[in-house]
Structures are given as structure tokens and as C-alpha cells.
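Structure, as C-alpha cells:
The values are calculated or read from the model by the stated rules, or taken from the named source; none is laboratory data. None of these values were measured; they are calculated from a predicted model. Reconstructed Cβ throughout: ideal geometry from the backbone, glycine too, with neighbour counts over all protein chains shown. When the accessible area is computed, the model is the full protein with side chains, heavy atoms only, and any ligands, DNA or RNA have been set aside. Shrake-Rupley method; radii C 1.70, N 1.55, O 1.52, S 1.80 Å.
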Amino acid sequence: MTSRLALTLASLLLFVAVALGAFGAHALKARLAPELQAVWQTAVQYHAWHALGMLAVGLYMMHRPDAPGAALAGWLFVAGIALFSGSLYALALSGVRGLGAITPIGGAAFLAGWLTFAWAAWRAA
């Protein structure tokens, strides 16, 4: 992953997070039970926070393009958004509780992404 790709992905992921947040607040408000609205909101929040993490990775890679682990951290954030937030979006829309079994895998990807980013920053400093 290059800084250009990381920044582009971060921008697109943030766009999608805002769009899905608005969709949940307006179009889904009357269609989802309150507990599923909370699931949707959690998905949007983690999606947005980790897209911002991806933005940080991209900015970091602009200054340290050879930093070991930075690209991996970015891919882990992307995987976390897809698995954690994606499974919660699907659960909120479908009501299929079994989709929640995927969510912790995405959470582990988020955690691994932050640890990898910390390691990359420590190694390059």
C-alpha cells in the first residue's frame, strides 16, 4: 500500500461512513427496532474511527514511505471495517444474529491494526 492508496481509501471510507450514518438516521429510523438502530450506529462509529485511522496511516506513510508495518496496519483497518462494521450493517438490516459471529474477527483486525501502527511508528522513529 502506498500513501496515495491509503489516503484515497481513507477518503472513500469516510465518505461511505457519513453516507451510511445519514442513511441510518433518516431512511432506517422508522424501519429498524431501537436495538438494531444501536447496532447500526455502532457500525458507523467504528467505521468512521478506523477510516480516520487509515487517514493517519496515509499521512504517516507520506513522511515515512519505508516504515515497516504501516501498510499492513492500513490493510488491517480496511479488513476491520469490512468485517466488524460490515457484519453489523448486515445484522441490522437482516436481523440475522449469526452475523454477529463475524464481528469479533473484525474487532481483532482493528486491534492488530493499531498495534501494528504503533510498532511501525516506534521502529521508524
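Results, tabulated for the structure shown:
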read-out	value
Number of positions in the range 9-35 that are surrounded by fewer than 17 Cβ atoms within 10 Å (Cβ to Cβ), over 15 Å from Phe77 (Cα atoms) and touching a residue at least 40 places away in the same chain (Cβ under 8 Å)	1
Test set (1) surrounded by 15 or more Cβ atoms within 10 Å (Cβ to Cβ); (2) out of contact with any Ser or Thr (no Cβ under 6 Å at 6 or more places or on another chain) - Tyr46 fails condition number	(2)
Condition check for Leu20: assigned to a loop (DSSP other than H, G, I, E, B) and hydrophobic (A, V, I, L, M, F, W, C)	no
Output for the range 2-30, where each listed residue is within 13 Å of Trp49 (Cα to Cα) and more than 14 Å from the chain's Cα centre (by Cα)	none
Selected residue [aliphatic (A, V, I, L, M), in a helix (DSSP H, G or I) and surrounded by fewer than 19 Cβ atoms within 10 Å (Cβ to Cβ)] from Ala6, Ala38, Ala51	Ala38
Residues satisfying the stated conditions in the range 46-69, i.e. in contact (Cβ under 8 Å) with a residue 60 or more places away in the chain and farther than 15 Å from Ser11 by Cβ	Tyr46, Tyr60, Arg64, Pro65
Residue within the range 103-125 that is outside any helix (DSSP H, G or I) and more than 30 Å from Glu35 (Cβ to Cβ) present	yes
Residues within the range 68-100 that are farther than 19 Å from Gln45 by Cα, among the small types (Gly, Ala, Ser) and open to solvent by 50 Å² or more (accessible area, probe 1.4 Å), tallied	2
Per-region count, the range 101-125, residues farther than 13 Å from Tyr60 by Cβ, open to solvent by less than 30 Å² (accessible area, probe 1.4 Å) and either touching a Cys at 6+ places or on another chain (Cβ under 6 Å) or not aliphatic (A, V, I, L, M) (or both)	4
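Residue-wise test of (1) of a type in the set (Lys, Arg); (2) under 20 Å from Ala48 (Cα atoms); (3) out of contact with any Leu (no Cβ under 7 Å at 6 or more places or on another chain).
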| position | (1), (2), (3) |
| --- | --- |
| His63 | no, no, yes |
| Gly69 | no, no, yes |
| Trp75 | no, yes, yes |
| Ala79 | no, yes, yes |
| Leu88 | no, yes, yes |
| Ser94 | no, no, yes |
| Ile105 | no, yes, no |
